[in-house]
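The values are calculated or read from the model by the stated rules, or taken from the named source; none is laboratory data. Model, not experiment: these values are computed from the prediction. Glycine gets a Cβ as well: all are built from the backbone with ideal geometry, and neighbour counts include every protein chain shown. Accessible surface is based on the protein model in full, side chains and every heavy atom, while ligands, DNA and RNA are left aside. Shrake-Rupley method; radii C 1.70, N 1.55, O 1.52, S 1.80 Å.
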Amino acid sequence: PGGAVPSNGRFVSPADAAAQRGSGTYWPSYTVALEDCYGAFAVEPNSFPMGAAEGASSRRRAINEALKLCGNSGCVAMAHVRNGCLASAWGGRTGYYKFAEDIQTAENKAIQACRGEFSDCRLTYSYCSLPVRVR
């Protein structure tokens, strides 16, 4: 039932559960386990191909995947994020990479950084690599 708490295979009301906690009755603990998630950008500075990796299990894997997707031996990892959002904006021939806890903030930061120097700014990519529940 709604609001009920499991107790030794049966459900009890929250009020009864609170009363039993002080009585030494065993209460199973339910924990949530989250696994970190990484993302990265890679860019070749002269011809501007870009690679982006999302949802990698490690920083190294995210960077390696971004470099591979960039597809050029001159590609360089420009930014990475763990459990957050990353956005890229371009103006002139310059890229701006910003991260934040949510995608809207990351996008706004990237555009604002670009507009500080250029008027022809555009958002080129944004995504989130957020923690994944494993238990």
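So here's what we get for this one:
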quantity	calculated
Selection count where residues are under 16 Å from the mean Cα position of the chain (by Cα) and without any contact (Cβ under 8 Å) to a residue 24 or more places away in the chain, scope segment 63-78	1
Residue within segment 60-75 that is touching a helix residue (DSSP H, G or I) at 6+ places or on another chain (Cβ under 9 Å) and closer than 22 Å to V132 by Cβ present	no
Residue match in segment 41-62 (condition: surrounded by fewer than 18 Cβ atoms within 10 Å (Cβ to Cβ), more than 19 Å from the chain's Cα centre (by Cα) and in a strand (DSSP E or B))	no
Residues within segment 76-135 that are assigned to a loop (DSSP other than H, G, I, E, B) and under 30 Å from A33 (Cβ atoms), tallied	7
Residues (modelled with pLDDT of 85 or more and at positive phi) located in segment 26-83	G55, G71, N83
Subset of segment 109-135 that is open to solvent by 70 Å² or more (accessible area, probe 1.4 Å) and of a type in the set (S, T, N, Q) - its residue that is nearest to the chain's Cα centre (by Cα)	Q112
Residues satisfying the stated conditions in segment 79-121, i.e. touching a residue at least 24 places away in the same chain (Cβ under 8 Å) and out of contact with any strand residue (DSSP E or B) (no Cβ under 8 Å at 6 or more places or on another chain)	G92, R93, T94
Hits in segment 92-122 - residues which are in contact with a helix residue (DSSP H, G or I) (Cβ under 6 Å, 6 or more places away or on another chain), closer than 19 Å to F48 by Cα and not charged (D, E, K, R)	Y96, C121
